[in-house]
Amino acid sequence: MLISIDGRPMEESLISGDNLEDILSDLTENHMPPNKIVGEVLLNGRTYTEDLPHAAVEVPRTDIESLVLVTLSSEDIARHFLDNGQNILGSMLDSLPKITELFRLGDETEANEHYLRFLESLHLTVSLLEKVIQVMDIPYDVSIGELGSIEGRLGWLAEITTQLLRIQEENDWIYLADVLEYELTPELETLRDMLPDMKSRIH
Amino acid sequence: MNRFFEQNLNKLSEFDPELAETVRKAAVPAQTLILTARNGRPTLAVNGVTLHSRVDPEAEAEALLESALILEAKTKGLIPALFGLGLGYQALALVRSFALVLVIEPDPGMVKLAFSRLDFTQALSRLRFMNAPSALDQLPAVLLTPHPPSVRLHQQAFHFWVERLEARRPAGELKKILADLAGWEELLGGFDPTRPVNLPGLVQAVHRRTGPLSEGETLVLLLHELTMTEK
């Protein structure tokens, strides 16, 4: 197996993991250059993306002939997010009406499938946003017009997600649909609308 | 009881005095919690499960009218049979689109609760409460329309009604299901498409059958086999 990071070959015996997910995890935790994150993964010569969360677990080490990682600086990622964040949040917002409709119509199995994927995207997006704010040194507490501060918005978003988890545990699907439709949707819209202002604050 | 209750009950007495009396004597179900939705309207939770939107229950009920199930009922000219009344928002929305709406509510105490909170007086001429499948004998085809949180409260009753209604789908419906199968016209020649098919299990059996007939298999033989199995 050939492994490289930004063209630098790695000694295979130093990389642990029985499947792609574990190998990527070892590479990112123990072998990445400082202040860099993975921008692209080429598996056996082809760009690899996970169709489903943790799909990389299904790729055994023995199937990997070559694994090439191309890294980006945290700043590159942050700029990329600020350029595309509105579209990312827009796509997430587009998926919400379908999820709430499924919950209200009692199609809980399908609703939960979409909902869990949505939550995973939300978690990743918020983590990325926090990283962007940190990397680009954007002030957390400065108010952006009538939209409030980023700190305030992210705090409120955290409260909503905590509430969603509690309601989900109680299988109270109508209430869950309410929170998704009437609490989370406007909050994500606000966050989306804040991104251009955040972008204008970076130097 | 608030001001709506007597008005609703008096109106119901005009159409179904027996049910009106049952409702009057019924006890409101335990563990019910009336809440005020954000738009000021009453909403309901039973055993900690929300039955209607806590923000805008009427908008939620209106949205139901756009669901695939209701559009199917409209397109095919079927009568919606709403399983689960809750506070009645769905029933009140449905009567604005259908000349007749059937309501299957296993707990008369829930009807009492609904009657005490919302005004049904204008709707009751188009609402008919069902307490047994035999009440459907004089009606054309119906489409069971579940109110999902109510189904959770009365799962056994819901399955009972599903079985009864499924077995009574009309020949016209059966014709649509069998449209892809060769020989269906021959089989259905003897059925009146406006009347229910009284062959219990036949429709369910056909539902379970997927894919086209294999070579040499005739529909008549298949259905004979299926009905024998169902017996």
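Values in this text are rule-based calculations from the coordinates and carry no lab data. These numbers were taken from a predicted model, which means no experiment stands behind them. Heads up, the Cβs are rebuilt from the backbone with ideal geometry, glycines too, and the neighbour counts pull from every protein chain shown.
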Let's test this: bin the Cα-Cα distances of the range B:3-166 at 5 Å from zero up to the farthest pair and state each bin's percent.
2, 9, 19, 23, 23, 17, 7, 2, 0
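Using the C-alpha atoms of the range A:1-44, what convex hull volume per residue, in cubic angstrom, is computed? Working shown, then result.
Working: hull volume 3.6 nm³, N = 44.
Cα convex hull per residue, to the nearest whole number: 81 Å³.
Do any GluC sites (Glu not before Pro) in the range B:1-95 lie in a loop, going by DSSP, with at most 13 other beta-carbon atoms within 10 Å of their beta carbon, and if so which?
Details: sites: B:GLU6, B:GLU14, B:GLU18, B:GLU21, B:GLU58, B:GLU60, B:GLU62, B:GLU66, B:GLU72; in loops: B:GLU66.
Qualifying residues, ordered by number: B:GLU66.
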Flagged links, alpha-carbon separation over 25 Å, of A:LYS98/A:LYS131; A:LYS36/A:LYS98; B:LYS11/B:LYS76; A:LYS98/B:LYS74
A:LYS98/A:LYS131; A:LYS36/A:LYS98; B:LYS11/B:LYS76
Quick calc, A:LEU116 & B:ALA26: beta-carbon distance into FRET formula, R0 35 Å, rounding 0.05, result 0.30
Which trypsin sites (Lys or Arg not before Pro) does the range B:5-58 hold that lie in a coil by DSSP with at most 15 other beta carbons within 10 Å?
B:ARG38
In nm, to one decimal, how far is the A:LEU165 label point from the A:LEU124 one, both placed 7 Å along Cα→Cβ?
1.9
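Of all the Cα-Cα pairs you can form in the range A:76-200, what percent are over 27 Å apart? Mind showing how you got there, number by number?
Numbers: 1552 of 7750 pairs.
Summing the P(r) tail past 27 Å for the range A:76-200 gives 20 percent.
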Given Cα pairs under 8 Å that are at least 6 residues apart, what percent is the relative contact order of the range B:3-166?
25
At 7 Å along Cα-to-Cβ for each site, give me the label-to-label distance between A:LEU52 and A:SER16 in nm.
2.8
Taking a straight Cα-to-Cα line shorter than 18 Å from A:LYS199, and setting aside same-chain aspartates and glutamates fewer than 8 residues away, one finds A:GLU75, A:ASP76, A:ASP83, A:GLU130, A:ASP137, A:ASP141, A:GLU146, A:GLU151, A:GLU189
Most mobile of A:ALA158, A:ALA177, A:ALA55 per a Gaussian network model of chain A (Cα springs, under 10 Å)?
A:ALA55
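With a cut-off of 8 Å between alpha carbons and a minimum separation of six or more residues, what is the relative contact order of the range A:2-73 in percent?
On the way: 107 pairs, mean separation 32.7, N = 72.
That works out to 45 percent.
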Among A:LEU188, A:LEU43, A:LEU122, determine the one that fluctuates most according to a GNM of chain A built with springs between C-alpha atoms less than 10 Å apart.
A:LEU43
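Using alpha carbon coordinates only, what is the Rg to Rh ratio of the range A:2-73, with Rh defined as the Kirkwood radius? Could the numbers behind the result be given before it?
Numbers: Rg = 11.2 Å, Rh = 12.2 Å.
We get a ratio of 0.92 for the range A:2-73.
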Return, for the Cα atoms of the range A:1-123, the radius of gyration and Dmax in Å, separated by a comma.
17.8, 54
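Taking Cα pairs under 8 Å and at least six residues apart, what relative contact order does the range B:1-93 come out at, in percent?
Rounded, it is 17 percent for the range B:1-93.
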Find how many whole Å separate the alpha carbon centroid of the range A:103-122 from the alpha carbon centroid of the range A:135-153.
30
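Provide the gained length on full extension for the span B:ALA132 to B:LEU65, in nm with one decimal, where the gain is 0.36 nm per separating residue minus the Cα-Cα distance. Don't skip to the answer; put the middle values down first.
Numbers: separation 67, 0.36 × 67 = 24.12 nm, distance 2.55 nm.
Residue separation times 0.36 nm, minus the Cα-Cα distance, leaves 21.6 nm.
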Across A:ILE77, A:ILE23, A:ILE150, the residue with the highest GNM fluctuation in chain A (Cα network, 10 Å cutoff) is A:ILE23
Kindly put A:TYR140, B:TYR89, A:TYR182 in sequence by how many other C-beta atoms sit within 10 Å of each C-beta, fewest to most.
A:TYR140, A:TYR182, B:TYR89
A correct fewest-to-most ranking of B:ARG41, A:ARG8 by other Cβ atoms within 10 Å would be A:ARG8, B:ARG41
